Amino acid sequence: MNESPEVRLGRSISLAEYHQLQAEQMTEAQLQAVVIAAAKARGFLVYHTFDSRRSAAGYPDLHMVHAARGVSLMRELKTQKGRVSADQAGWLTALEAAGVDAGVWRPIDWFTGRINTQLDQP
């Protein structure tokens, strides 16, 4: 019988530890899928460049707009260990300086509820 690590260690893990384990296994594509679904369920229009080879380097992965609420969010998606490139950091810094709600979301942000909280902000 395959025992879980918790059983072998003789202890259970906290919800935060469980979320961390889940987050470490989530791919960027999986994160993107759940974020897009959550945003669309809330009435956001979602834009993602599917083939960025002919686009400016570093532009954020998602632009989500909720016209009725007057909300525009731009997010770069990364795995837990994924690194933001210099070009991506440059775009995020410039967008934020221009007053755009721009940032980075990682899988842990999904499991802690941070993404849903930000999608729900007025």
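The values are calculated or read from the model by the stated rules, or taken from the named source; none is laboratory data. Keep in mind the model is a prediction, meaning the values are calculated, not measured. As a convention, Cβ positions derive from the backbone with ideal geometry for all residues, glycine included, and neighbour counts pool all protein chains shown.
Which members of the stretch 91-114 meet the condition of being among the small types (G, A, S) and more than 18 Å from T49 (Cα to Cα)?
Listed by number, the residues that qualify are A94, A97, A98, G99, G113.
Restricted to the stretch 45-69, and to residues that are surrounded by fewer than 16 Cβ atoms within 10 Å (Cβ to Cβ) and either among the aromatic types (F, W, Y) or in contact with a Lys or Arg (Cβ under 6 Å, 6 or more places away or on another chain) (or both), which residue is modelled with the highest pLDDT? Break it down into steps so the answer makes sense when it comes.
Looking only at the stretch 45-69, we keep the residues that are surrounded by fewer than 16 Cβ atoms within 10 Å (Cβ to Cβ), and these are 45, 47-57, 67-69.
Adding the requirement that they be either among the aromatic types (F, W, Y) or in contact with a Lys or Arg (Cβ under 6 Å, 6 or more places away or on another chain) (or both) leaves 47, 50.
Numbers: Y47: 97, F50: 82.
Ranking the qualifying residues of the stretch 45-69, first place goes to Y47.
Identify, please: which residue in the stretch 99-114 is among the β-branched types (V, I, T) and more than 14 Å from L77 (Cβ to Cβ) and is, among those, nearest to the chain's Cα centre (by Cα)? Walk me through it before giving the result.
Keep residues of the stretch 99-114 that are among the β-branched types (V, I, T), which gives 100, 104, 108, 112.
Imposing the further condition that a residue be more than 14 Å from L77 (Cβ to Cβ) reduces the set to 100, 112.
Details: V100: 17, T112: 11 Å.
Here the residue is T112.
Looking at V65, V100 in this structure, which one is in contact with a strand residue (DSSP E or B) (Cβ under 8 Å, 6 or more places away or on another chain) and more than 15 Å from R42 (Cβ to Cβ)? Spell out the reasoning first.
On the way: V65 fails: more than 15 Å from R42 (Cβ to Cβ).
None of the other options fit; the residue is V100.
V84: touching an Asp or Glu at 6+ places or on another chain (Cβ under 7 Å) and either part of a loop (DSSP other than H, G, I, E, B) or surrounded by fewer than 19 Cβ atoms within 10 Å (Cβ to Cβ) (or both), yes or no? Walk me through how you get there before you give the answer.
Values: touching an Asp or Glu at 6+ places or on another chain (Cβ under 7 Å): yes; either part of a loop (DSSP other than H, G, I, E, B) or surrounded by fewer than 19 Cβ atoms within 10 Å (Cβ to Cβ) (or both): yes.
Spelling it out, V84 is indeed touching an Asp or Glu at 6+ places or on another chain (Cβ under 7 Å) and either part of a loop (DSSP other than H, G, I, E, B) or surrounded by fewer than 19 Cβ atoms within 10 Å (Cβ to Cβ) (or both).
Being under 18 Å from the mean Cα position of the chain (by Cα) and under 25 Å from A41 (Cα atoms) is the filter here; which residues of the stretch 68-97 pass it?
Of everything in the stretch 68-97, those that are under 18 Å from the mean Cα position of the chain (by Cα) and under 25 Å from A41 (Cα atoms) turn out to be V71, S72, L73, M74, R75, E76, L77, K78, T79, Q80.
Take the stretch 70-81 and flag every residue that is surrounded by 15 or more Cβ atoms within 10 Å (Cβ to Cβ) and among the small types (G, A, S).
Hit for the stretch 70-81 is S72, nothing else.
List the residue pairs whose Cβ atoms are under 6 Å apart, where the first residue sits in the stretch 98-122 and is in a loop (DSSP other than H, G, I, E, B) and surrounded by fewer than 18 Cβ atoms within 10 Å (Cβ to Cβ), the second is at pLDDT 95 or above and not basic (K, R), and the two are 6 or more positions apart or on different chains.
As it stands, the answer is V100/M74, since those pairs meet every condition given.
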